[in-house]
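The values are calculated or read from the model by the stated rules, or taken from the named source; none is laboratory data. Computed from a predicted structure; not experimentally measured. A quick note on method: Cβ atoms are made from the backbone with ideal geometry, for glycine too, and the neighbour counts reach across all protein chains shown. Quick note on the areas: whole protein, heavy atoms, side chains included, nothing else; ligands and nucleic acids left out. Shrake-Rupley method; radii C 1.70, N 1.55, O 1.52, S 1.80 Å.
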Amino acid sequence: MTFSNGVTETSVRLSQNDDVALNCVDAKFQLVRDQVAAVALGLSTGAYMFGPGGCGKSYAVIDELRRRNVPYKLYNSRMTGRGLYNALEKFPDAIHLLEDMEQLFRDTGARGVLRSALWSQTPAVEGRRPERLVTWSTYRMEHSTIFTGGIIMTANRPLPDLPELEAVKTRIAYTQVALSDQEMIALMRRLCLDGQATAAGHVTPAECREICDYIVDQCGGLNRRFDLRLFSNAVADYAQWRDLESGCHWNDLVAARIKERPVALGLVATPTGREATKAHEMKLAQELEAITDRQERFRRWNEETGKSEPTFYRRLDEGKKKLSREVEN
């Protein structure tokens, strides 16, 4: 199958420039993985990685923790200083992953907990993780815990310029994760090689490459930063269009994401043609429903339409609702 950009299923490959850019990408992410590994092994008490959204930093962190089979606790959105202390007290040996917690650093109590949890004056003992005493005292009671785990933080911005947080930086690995446009494009192209999974089914490598090339073309001259989430959302837009679930062409949907406003590219498919295709699929789904063998039913559906099993059930439900409306009328 050949697509509008001239790409075929057998021609999806990386260029020499892509390989060079990906070597730089892999080196940057290897640094992140090594810093995560140091925390997982108890050689470092923590790490802070910051950079623009969609550059893959959280994925690299979580993938390395899972690869090493290290237990970790994930927190995001909002946390107070007392909430942080409670988490460390409840799981004193775990790795605590704090995602998108920039507001936490405005809490003076949290800044104190971080400094105590990330460093200890106790001499290191060979073969043992460093123990750090963390306390939380009020006029009514005093809480304390011995923390031997680690704290990894990911964010979109650097730590605020405060003396207490400057002290935190001296205790941990502190790294900015940023990819150039060429590196991000190469990374998206590498993701195309195996295709992408969506709720509407698999998007093939050639389809992904066409989507990637369209993103690159549309972002040109707009000062629009590339990111992996834009690619993932564009793949979803394509899958929605492919399954006849959108009135707009996928090009329009992706262009609107990039330009952040409605666009009219004149690429909307003929409504009658799309409606006829959808009606055919609803009728086919009703006919195939009588087949009790699920695998055989899906094989026949995929052979006829090339679409996923979830789409079969959507068409079946849509057909039944349409029939019910016709009966009522």
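Here are a few things to note about the model shown:
- Estimated vicinal HN-Hα couplings, Hz - region 23-32 in sequence order (Karplus 6.51, -1.76, 1.60; Gly, Pro = x): 4, 5, 4, 4, 5, 5, 6, 5, 4, 4
- In this structure the chain gives 54 Å² per residue of accessible area when probed at 1.4 Å with all protein chains present.
- J(HN,Hα) series, region 189-197, from Karplus relation 6.51 cos²θ - 1.76 cosθ + 1.60, nearest Hz, glycine and proline x: 5, 5, 5, 6, 4, 9, x, 9, 8
- The fraction of accessible area contributed by carbon and sulfur in region 1-140 is 50 percent, rounded to a whole number (1.4 Å probe; ligands and nucleic acids excluded).
- Top of Ala37, Ala155, Ala256 by mean-square fluctuation, Gaussian network on the chain, Cα under 10 Å: Ala256
- Leu74 long-range amide H proximity, modeled H, under 5 Å: Leu97
- Computed over the chain, the Cα gyration tensor eigenvalues convert (square root of 5λ each) into semi-axes of 48, 25, 19 Å, ordered from largest to smallest.
- Region 204-250 and region 53-113: distance between their alpha carbon centers, rounded to Å: 32
- Overall dimensions of region 188-329, expressed as equivalent-ellipsoid semi-axes from the Cα gyration tensor (√(5λ), whole Å, largest first), are 32, 19, 10.
- Projected onto its three principal axes, the C-alpha set of region 73-144 covers 37, 31, 19 Å, listed from the longest axis down.
- All Cα-Cα separations within region 14-138 were binned at 5 Å from zero, giving a P(r) of 2, 9, 18, 20, 19, 14, 8, 5, 3, 2, 1, 0, 0, each value a whole percent of the pairs.
- Using a Gaussian network model of the chain in which every pair of alpha carbons under 10 angstrom is joined by a spring, one finds that among Val235, Val125, Val168 the greatest mean-square fluctuation is at Val125.
- For the chain, the list of Cys residues with no other Cys C-beta under 4.7 Å reads Cys24, Cys55, Cys212, Cys219, Cys248.
- Tyr48 long-range amide H proximity, modeled H, under 5 Å: Met153, Ala173, Tyr174, Thr175
- Cα pair count fraction exceeding 23 Å, expressed as % - region 115-214: 58
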